[in-house]
Every structure is written in structure tokens, then in C-alpha cells.
Amino acid sequence: MASKPATPAFRRAFGATLAARVAEPRRFLQVVAGPRQVGKTTLVRQVLDELALPSRFVSADEPTLRDRSWLTAQWDAARLLARDAPDRGAVLALDEVQKIPNWSETVKRLWDEDTAAGLPLRVVLLGSAPLPMERGLAESLAGRFEILRLPHWSFAEMDAAFGFSLEQYLYFGGYPGAAPLAGNPARWRRYILDSLVETTISRDVLLMARVDKPALLRRVFELGCRYSGQVLSYTKMLGQLQDAGNTTTLAHYLELLAGAGMLAGIPKFAGEAVRQRGSSPKLQVLNTALLTAFSRLTPPEAQADREFWGRLTESAVGAHLANAAATGTCELFYWRDRNREVDFVVRAGRMLVAIEVKSGRAPAALPGLAAFADAFRPQRTLLVGGDGIPVEEFLSRSVEHWLQP
């Protein structure tokens, strides 16, 4: 495994896009959003180092108290940089800004002051809790920002940076910070559960949104990891959880977990938005590391368990698609009609693609590509695995590749 991992092409392209936007004449706040440990801070620091502009990077995630006066003081310090370079301007990057109370109102006031004064101060906001970030942006900063969403690392990126094989990627997933621990699976598992899962739930979800039943939210997450790749009705979930909650609560908790980049509930494709919202969700981890960490299986045990490895393979394909959907590339669904099912349905504009994953595990329903094609006339149907597109090839290419006309 490489001791000095290279920056994968996607991250370089993302950094180039951010650099180009920041270098433009001051127009919008730039917002970099995404789950924990996907490289947001590292990438923004690299962009600032390479820009020919003076910059200031500060974080509200440090132990000392952060409030609006701290935010104003940091902004004023960056203003001095911009005033000293009036022809070029300067850049202020604020990490974990959503942790400052009423941050969006303060940013709006300061941004509007600079706009009125013609001060060339560009601003980049970073955050690991998308829901609080987006709520603050929508409430106070409408028309003043652009969002760049950074997803989990793909197989191609983990291969380029760490030399991961397909089998390693399926098991260890796409967390770059955990990659050096792959040689010690027990230590890797503790890192995933303690440093990533627990930190995300306790700091990005429970502290940033109203959760009346924290223990239930944690059990929903664990249930989603155990049943990733399976359709589970909210009623069955409540039965599994043995809790007196309701379906609205479960749907809300799935939304919070999806916003944190951990677990999504994929809706059923029906062609009607109302029916999609009311459908039983297909549970989907957004990084297969979450599935294997909770399984307690070692890599050899996981590969020897055909049912588990098949579910892991299907979850990797689903995570690849779900991460693309989280960045706005496409919409993602599953489809089921009686005893026939299509694993994934991807829609981007007028392009509709049906995807069946042949993973080797016993399917819960009969393959339904032909039935789906008759009902909805997709532009393309894909079989991944088996005698179809190799899983390694599918995961090595961007989702946009499979959506090209």
C-alpha cells in the first residue's frame, strides 16, 4: 500500500473547480459540504496553498468556545488581508461553521457589508452536517451561495491512492483515513466505530438536529447496516427495533443519517412522487465500511460467507450510485412489482437506466428487468456482475459514464 497516497483524479478535478470559482471576481459564497473524513479540509487547504491570493483558514471545531463574536473577529482579520491586496483580494475559509450559534445570520450581515463596500473578500464555508448547513443557507443566505458536494471515496480513488483491490474496497470501503489500518482489521474496525460512526452520530446528528429518541436513532443506523441492500417496511423496522415509535420518526431519522453521509433509504420508483414518498425504503449504507464494521466478520470470514459477500457487493454498487445521487448527478430508486424487482433505477433528466446486480446471493425477489422495461421503457438496462459488466469495471467508472446517451 502506498505510503504517500496520490490525490485521485476526481479530487483534483473537484479542487480545480473550487479554485476556479474562488479565483473569479467575488460573486458567491462557496460551500463545500460532505460527510466526515472524505477530505474536505485537506482539499480546501491544498486549493488555498496553490492560489495566488492571500488566505486565512480557521475552524470552529476546536475545543475552545466559538460564538458570533469569534466569527466576526476572524472575518475582520481576513478583511485586512483583502484591503492589503485590493487588486487581487483575499480568501477566508471557515471550517465547521455550522457549530457557531446563528452563524448564517452573522455571515449574511458580514457578506452584505463587504458587498456594499466593494471589498474583494472571497469566502469558503465547510461543514460535515449537511442538514444544519443547508437550513442556515436557505434561511438567511438565499441567492448568495453555491454548493460543492464532496462524496465518499470511490473504488477508483481508493485504488489510485492506496492500491486497493476490489476485495479490499468491498470490505474496507472508502474512508481514506482508515486505509492505513487495513493490515490490522480489528484496529480498523475500532477506528470506524469509535472515530467515525460515534463521532458522526454524537456530533453531527444529535447535536445539530432535534432527536427525541437518540437510542432509537442509533438502533435505526445499526439496523440499516445489517439490512443494507434489502427493502424493509417501516412497520417491519419498528418490529425489529421493538420500539413504540412511529413511521414518521423512522423516516426522519433515515433522513438525518442520509444527510450525515451514513445511511440512506432508497425510495421505490413509481413514476408518481406521492407513491415514492410513501413506499417502503431500500436500506443502503453510503460506505461499505459501515456494513463490515458492524458485521464483526474478518476479511476471510466475510469472503467465505457467500450470502454476506453478495450483499456486500450489491451494497458497494448501491453506495456508488447513492453517492452520485447525493451530489446531484442523478436520482436513485429501486423497483418492485409483486415478486419481481429491479435492484436500482437511476434517473438523470430524461435518461432512465435500470440496473440489476448479480452478486451471487439468493435474491429476495425474481429479477424484473424485462417487466420494468415493458412498463417504463428505460433507455438502458444493465446487468452488473456474473455474465454482465464486471463489478470492478462498474465501480471503476463514474456514474455519469453509465448515464451517457
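Numerical summary
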| quantity | calculated |
| --- | --- |
| Ranked L94, L51, criterion: other C-beta atoms within 10 Å, fewest first | L51, L94 |
| Cβ-derived FRET efficiency at R0 35 Å, E392 paired with D87, nearest 0.05 | 0.10 |
| Local electrostatic count at G136 - Lys and Arg +1, Asp and Glu -1, tallied over other residues with Cβ under 10 Å | -1 |
| Computed [θ] at 222 nm, deg cm²/dmol, the chain (DSSP H ≥ 4; -39,500 (n - 2.57); rounded to nearest 500) | -13500 deg cm²/dmol |
| Entries in K99/K213; K40/K99; K108/K268; K213/K236; K40/K358; K282/K358 that, when Cα-Cα distance is taken, lie over 27 Å | K108/K268; K40/K358 |
| The stretch 105-122 versus the stretch 240-270: alpha-carbon centroid distance in Å | 38 Å |
| Prolate/oblate/rounded label for the stretch 9-149 (Cα gyration tensor, a/c 1.5) | rounded |
| Burial order of peptide ranges 389-397, 82-90 (average beta-carbon count within 10 Å, highest first) | 389-397, 82-90 |
| Sequence of H252, H152, H401 once ranked by neighbouring C-beta atoms within 10 Å, starting from the fewest | H401, H252, H152 |
| Bridge type composition, the chain - antiparallel percent by DSSP, nearest 5 | 35 percent |
| Kyte-Doolittle mean at least 0.5, axial Cα span of 20 Å or more - DSSP H helices of the chain | 9-23 |
| Residue with peak Gaussian network fluctuation, the chain [Cα springs, cutoff 10 Å], from R36, R187, R11 | R187 |
| Amide H contacts under 5 Å for F164, placed H, 5+ residues apart | D159 |
| Rough spin-label spacing in nm, given labels placed 7 Å along Cα→Cβ, for R380 and Q230 | 3.1 nm |
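A short reminder: the numbers here are calculations on the coordinates, not readings from a lab. Predicted model only: the values in this text are computed from it and were never measured. FYI the Cβ positions are ideal-geometry reconstructions off the backbone, even for glycines, and counts take in every protein chain you see.
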